[in-house]
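Reading through the structure tokens given below for one structure.
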Amino acid sequence: MSAHTVTHSVDLQPLHTFGLPARARELRLLANTADLLAFARARQEQKDFLLLGEGSNTVFTTPQVDATVWKVALLGRQYLGCDGVHHHLRVQAGENWHHTVEWTVAMGWGGLENLALIPGCVGASPVQNIGAYGVELKDRISAVHAFDLDLQVLRTFSRDECEFAYRDSVFKHVAQGRYVITAVDFALPVQWQPVLGYGDVARRVSDLGILSPMNVLKAISAIRTEKLPDPAVLGNSGSFFKNPIVDTAKAQALIQQYPNLVNYPADHGKVKLAAGWLIEQCGLKGQVLGGVGVYSKQALILVNLGSGTGGDLLQLVQHVQSSVQRKFGVLIEPEPNLIQA
Ligand code: FAD
Ligand code: EPU
């Protein structure tokens, strides 16, 4: 498809990993500056729009999406140089995330290996500050480049300006809808420091032999493949809920009542709870509602059993949320972007 090609009445089922049936009015690609300007003009004309990467954190819950879907397709990776402390790289937004991680590790630049096998594209990675196995994107990023749809100019966000937090950034708040992320700059340490503290990562790496970024990538990939359903086989969006963060008093009260409560220290003296554990304790693991269900091996993941509809999913989400709220008095919020109109 060339950059300016428009596809009308487009099937969205293969364009998001949860794979619910949905169609959009049209699909356009954002592959160059002319496309970005066309997007800005359409937005000024008040045309409804949706920005999409690889659809692994987006769920289309209605059969008809009355909007133009703009899919990011900016490509290219560049080594900017080394200042003795960091290797500096720039990666365009449409590049696949996991292929980018593989590329850095193959080139001998460690730092992104714990984030291996996360689906999606590079441009979406700062939006929710992707994280896994003890590393978050914010630990490895130096800047985010974005096209300002209001002013029609490129702008660079420093790391601080991105306001990264757990599954959060400025791109989910004031910057949401105004900027298209065009590229991400990474700063990867010349002196590689492995991060092995999460779960049994250290043991899995040592089973592979030498301690290297490649073996960490392999160990993380193996753990993820065992634990998470492959969206090509069973539609899903990864963790469907964020792990809730509560204050110390609430956490202590819960620990008194449930001594096995899984919890971790979070920023500002707060406590993060494992939503998967909370959901499992409600007896919901493996539960099916219509064509969707709670994954039988990991309760934080909701899955499309093949015939799922947006209605089924929204009902299940509500059921899971109210069960956790009733039993623990904790609100769990969806992680993916639920498109409801
Ligand atoms: P999309 O779903 O296409 O978009 C997500 C959001 O970003 C949307 O709001 C969209 O409008 C916006 N967006 C996309 N591109 C741009 C851009 N260029 N500029 C501005 N906004 C943009 N996440 C984790 O953090 N850790 C995990 O371990 C993890 N594991 C997962 C495992 C599975 C099996 C799946 C299916 C998902 C997992 N996820 C995980 C969630 C998901 O992979 C990430 O959120 C990923 O970054 C989404 O990328 P995407 O291109 O698919 O985004
Ligand atoms: N748990 C249960 N029952 C379950 C699922 C989990 O008891 O059914 C317990 C586990 O035993 C463990 C704890 O909950 O003690 C945490 O589980 P896990 O290590 O599987 O991690 P998670 O909290 O479910 C988070 C991220 C994942 C990320 C992994 C690894 C969120 C919302 N999810 O999952 O990210 O890959 O940690 O770092 O923070 C995603 O965001 O889509 C995603 C997959």
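Which of the helices (runs of 4 or more DSSP H) contained wholly in region 246-341 include at least 1 residues that are under 30 Å from Leu15 (Cα atoms) and of a type in the set (Val, Ile, Thr)? Full working, then the answer.
Numbers: elements: 248-257, 275-281, 310-328.
Filter on region 246-341 gives 275-281, 310-328.
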Looking only at region 37-55, decide whether some residue is out of contact with any helix residue (DSSP H, G or I) (no Cβ under 6 Å at 6 or more places or on another chain), under 30 Å from Ala106 (Cα atoms) and either buried (at least 16 other Cβ atoms within 10 Å of the Cβ) or not aliphatic (A, V, I, L, M) (or both).
yes
Those residues of region 146-159 that are under 10 Å from Ala183 (Cβ atoms) and either out of contact with any Phe, Trp or Tyr (no Cβ under 8 Å at 6 or more places or on another chain) or at pLDDT below 95 (or both) come to a total of 1
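With a cut-off of at least 1 residues that are within 13 Å of ligand 1 (Cβ to nearest atom), without any contact (Cβ under 8 Å) to a residue 24 or more places away in the chain and within 23 Å of the chain's Cα centre (by Cα), name the strands (runs of 3 or more DSSP E) lying wholly within region 18-126. Can you show your working first?
Numbers: elements: 23-30, 49-52, 58-60, 64-72, 77-82, 86-92.
Once the strands (runs of 3 or more DSSP E) in region 18-126 are filtered for at least 1 residues that are within 13 Å of ligand 1 (Cβ to nearest atom), without any contact (Cβ under 8 Å) to a residue 24 or more places away in the chain and within 23 Å of the chain's Cα centre (by Cα), what remains is 49-52.
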Taking region 10-26 and the residues there that are touching a Phe, Trp or Tyr at 6+ places or on another chain (Cβ under 9 Å) and surrounded by 22 or more Cβ atoms within 10 Å (Cβ to Cβ), the one that is nearest to Gly291 (Cα to Cα) would be Leu20
Of the residues in region 204-237, those that are exposed (fewer than 14 other Cβ atoms within 10 Å of the Cβ), assigned to a helix (DSSP H, G or I) and in contact with a helix residue (DSSP H, G or I) (Cβ under 8 Å, 6 or more places away or on another chain) come to Asp207
Exactly one of Gly269, Gly329, Gly308 is of a type in the set (Gly, Ala, Ser) and free of Cβ contacts under 8 Å to residues at least 60 places away in the same chain, and that residue is Gly269
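Can you name the residue in region 252-275 that is of a type in the set (Gly, Ala, Ser) and away from ligand 2 (no atom under 15 Å from the Cβ) and is also nearest to Lys327 (Cα to Cα) among such residues? First the steps, then the outcome.
Within region 252-275, the first condition is being of a type in the set (Gly, Ala, Ser), and the residues that meet it are 253, 266, 269, 274-275.
After this cut, where a residue has to be away from ligand 2 (no atom under 15 Å from the Cβ) as well, the list is 253, 269.
Values: Ala253: 13, Gly269: 24 Å.
Checked region 252-275; the qualifying residue nearest to Lys327 (Cα to Cα) is Ala253.
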When restricted to Thr182, Thr156, the only residue of a type in the set (S, T, N, Q), farther than 28 Å from Pro244 by Cα and buried (at least 19 other Cβ atoms within 10 Å of the Cβ) is Thr182
When (1) within 21 Å of Ile130 (Cα to Cα); (2) touching a strand residue (DSSP E or B) at 6+ places or on another chain (Cβ under 7 Å); (3) more than 16 Å from ligand 1 (Cβ to nearest atom) are applied to His268, the one that fails is (2)
- Query: Is it the case that Tyr258 is over 28 Å from Ala22 (Cα atoms), within 16 Å of ligand 1 (Cβ to nearest atom) and either assigned by TED's automatic domain parsing to the domain that holds Asp66 or surrounded by fewer than 17 Cβ atoms within 10 Å (Cβ to Cβ) (or both)?
  - Reply: no
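The values are calculated or read from the model by the stated rules, or taken from the named source; none is laboratory data. What you see is a predicted model; the values in this text were computed from it and never measured. Note that we place each Cβ from the backbone using ideal geometry, even for glycine, and neighbour counts take in every protein chain shown.
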